[in-house]
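A.B. asks: Input: one structure, supplied below.
Just so it is clear, none of the values below were taken in a lab; they were calculated from the coordinates. The structure displayed is predicted, hence computed values, not measured ones. As a convention, Cβ positions derive from the backbone with ideal geometry for all residues, glycine included, and neighbour counts pool all protein chains shown.
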Amino acid sequence: MVKDGRAVKKKVSTGITGNGHVEVTRGISVKETVIVSPPAELHDGKKIYMPGEESIK
């Protein structure tokens, strides 16, 4: 997930899975931003740039 512009690893509980979808039953709230299919180089605490934000170059 993303918190304060950084990647945060969280433990979640899952429910029903199928057709490329996974139900998350515990560990995150509806308003939290989830990173789906993160790149291998993403690690806990790394700065995340959301679409529409300016990135530092």
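A.B. asks: What are the ³J(HN,Hα) values, in whole Hz, obtained from phi via the Karplus relation 6.51 cos²θ - 1.76 cosθ + 1.60 with θ = phi - 60°, for each residue of segment 26-39 in sequence order, with x given for Gly and Pro?
C.D. replies: 8, x, 9, 9, 4, 7, 7, 8, 9, 8, 9, 6, x, x
A.B. asks: While we're on this one: Just how large is the dipole of the chain about the Cα centre, in debye to the nearest 20, putting +1 at every Lys and Arg Cβ and -1 at every Asp and Glu Cβ?
C.D. replies: So the dipole magnitude of the chain works out to roughly 200 debye.
A.B. asks: For the chain: lysine pairs with Cα atoms under 22 Å, gap of 8 or more or different chains, count?
C.D. replies: 18
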